[in-house]
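What follows is one structure encoded as C-alpha cells, with my remarks underneath.
FYI, it's all coordinate maths here, none of it is from the lab. Note that the structure is predicted; figures quoted are calculated from it, not measured. Methodologically, a virtual Cβ is constructed for each residue, glycine included, from the backbone with ideal geometry; neighbour enumeration extends over all protein chains shown.
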Amino acid sequence: MFAEENGLKGDPRLQHISQSIRVIPHFPKNGIMFQDITTLLLDHKAFKDTVDIFVDRYRDMHISVVAGIEARGFVFGSAVALGIGAKFVPLRKPRKLPGEVFFEKYSLEYGTDLFRNACRRCPAW
C-alpha cells in the first residue's frame, strides 16, 4: 500500500530493503513477527535507500521538526531530519529524562507505552 500510494510500486530498492530486515517470529511474545533492523543498518545501500525514500517523500513539505521515538526513531528520524534540513527531537521512554516532561501514550502491536520529551529544552513548534 505504501509503495503504491507514494509512486514506489516496482521500485527495486523496496525489495532490497525488505530482504535486509531480519524477521524473528514470536518475539517478544507469541504471535508477534519482530522486524529486526540491525541487518538493514549493516547494509549501507539498504540503509541509505531507506533514508532516501523518506527524504524524497518529505523534502518539499517545509517540515521544521522531526520527532523520533527511541530507538529506531532515533536512527531514522535523525537521518531524515538531516536530509530535509529540519531539527530533530528525540522522544524518550518513561524515566529516562530528569525534570518536567511532556508525555503521550501510544499503542504497539502487543500493548501500550509512553514516550516523553523534556519540553523546556525544545523550541516552540
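Put simply, the amide H of Phe34, placed in the peptide plane, has neighbours under 5 Å in Ile24, His26, Phe27, leaving out anything fewer than 5 places away on its chain.
Karplus-derived 3J(HN,Hα) values for the range 66-77, using 6.51 cos²θ - 1.76 cosθ + 1.60 with θ = phi - 60°, are 10, 10, x, 7, 4, 9, 4, x, 5, 5, 7, x Hz; glycine and proline are entered as x.
Cross-link partners of Lys9 among lysines, defined as those whose alpha carbon lies under 29 angstrom from its own and excluding same-chain residues fewer than eight positions apart: Lys45, Lys48.
Taking 7 Å steps out from each Cα toward its Cβ at Leu82 and Met33 produces label points 3.1 nm apart. On full extension, the segment bounded by Leu41 and Gln19 gains 6.7 nm, given 0.36 nm per residue less the C-alpha separation. Among the trypsin sites (Lys or Arg not before Pro) in the range 1-77, those placed in a DSSP loop whose Cβ has at most 15 other Cβ atoms within 10 Å are Lys9, Lys29, Arg59. Run down the lysines and flag those whose C-alpha is under 25 Å from the C-alpha of Lys93, throwing out any fewer than 8 positions away in its chain. Within the straight-line cut-off, Lys93 pairs with Lys29, Lys105. Computed 3J(HN,Hα) for the range 43-60, one whole-Hz value per residue from the Karplus formula 6.51 cos²θ - 1.76 cosθ + 1.60 where θ = phi - 60°, is 9, 3, 5, 5, 5, 4, 4, 4, 5, 4, 4, 5, 4, 4, 5, 9, 3, 9, glycine and proline marked x. For Phe88, the residues whose amide H sits under 5 Å from its own are Val66, ignoring neighbours fewer than 5 places away on the same chain, with H placed 1.01 Å from N.
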